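The values are calculated or read from the model by the stated rules, or taken from the named source; none is laboratory data. Note that the structure is predicted; figures quoted are calculated from it, not measured. Neighbour counts are summed over all protein chains in view; Cβ atoms, including those assigned to glycine, are modelled from backbone coordinates with ideal geometry. We work out accessible area using only protein heavy atoms, side chains counted, and drop any ligands, DNA or RNA first. Shrake-Rupley method; radii C 1.70, N 1.55, O 1.52, S 1.80 Å.
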Amino acid sequence: MLSHLTAIYIKQSLGKLSALCGCVVASIGSSCGITYLMGGDYERICYAVKNMIANLTGMICDGAKPSCALKITSGVSTALLSALLAMEGKCVSQDEGIVDDDVDKSIHNLTSIGAEAMCKTDDMVLSIMTSKKH
């Protein structure tokens with residue numbers, strides 16, 4: 001349940017469509033659930049979220065297709081790695097990239113990139129996809 005609630009929380013500020021791959025959001029939720037199942041408390045779960053944001057932000061969606069399984073594999077392996085690091089008390093610091101000391105601010109930074117900054121990326125991906133000769 002924690003995994004789903006986290007994904008819903010992130011998705012609600014991301015918007016309906018985004019160039020940010022959906023597996024990023026789902027994987028962040030998964031990492032929270034994995035951390036919880038490993039005995040992680042709120043602090044460790046926040047660490048997992050920050051580790052995920054530091055690692056997977058920027059993964060683009062280029063259309064639903066069979067190769068999405070590769071991105072899902074990246075998300076799952078990163079979710080497990082982030083949970084393991086969080087359980088060891090390790091997380092990316094606020095001095096690095098878009099991660100903030102506050103987990104909600106980190107999530108906001110991620111969703112701002114996905115909802116606003118990646119609009120041009122979305123246009124470019126669509127242009128590439130629609131200009132292919134089959």
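Observations on the model:
- Cα gyration tensor, the range 74-134 - rounded (a/c under 1.5), prolate or oblate: oblate
- Structure-based [θ]222 nm, the chain - -39500 (n - 2.57) summed over DSSP H runs of at least 4, per residue, nearest 500: -21000 deg cm²/dmol
- nm² value of the averaged projected area, convex hull over the Cα atoms of the chain: 8.1
- Per residue value of the accessible surface for the range 1-121 (all protein chains in place, 1.4 Å probe), Å²: 54
- Which listed pairs, of K11/K133; K11/K90; K16/K50; K16/K105; K11/K120, have C-alpha distances above 31 Å, in listed order: K11/K133
- In degrees, nearest ten, helix 68-87 long axis to first principal axis of the chain (Cα): 20
- Gain on full stretching of the segment that runs from L126 to H108 - 0.36 nm per residue minus C-alpha separation: 3.9 nm
- Structure remark: mean-square fluctuation, Gaussian network model of the chain, C-alpha springs under 10 Å; the largest value among L37, L20, L56 belongs to L37.
- Solvent-accessible area, 1.4 Å probe, carbon plus sulfur percent, for the range 1-48: 67
- Positive-end residue, the chain charge dipole about Cα centroid, Cβ charges, pick of V103, M118, C91: M118
- Fully extended contour minus Cα-Cα distance, from D100 to I72, at 0.36 nm per residue: 7.5 nm
- Solvent-accessible area of C61, all protein chains in place: 50 Å² (probe radius 1.4 Å, heavy atoms, ligands and nucleic acids excluded).
- Only the Cβ atoms of Lys and Arg (+1) and of Asp and Glu (-1) were treated as charged; on that basis the dipole of the chain about its Cα centre amounts to roughly 720 debye.
- In the range 64-134, the portion of solvent-accessible area held by carbon and sulfur atoms comes to 60 percent [1.4 Å probe, whole percent, DNA, RNA and ligands not counted].
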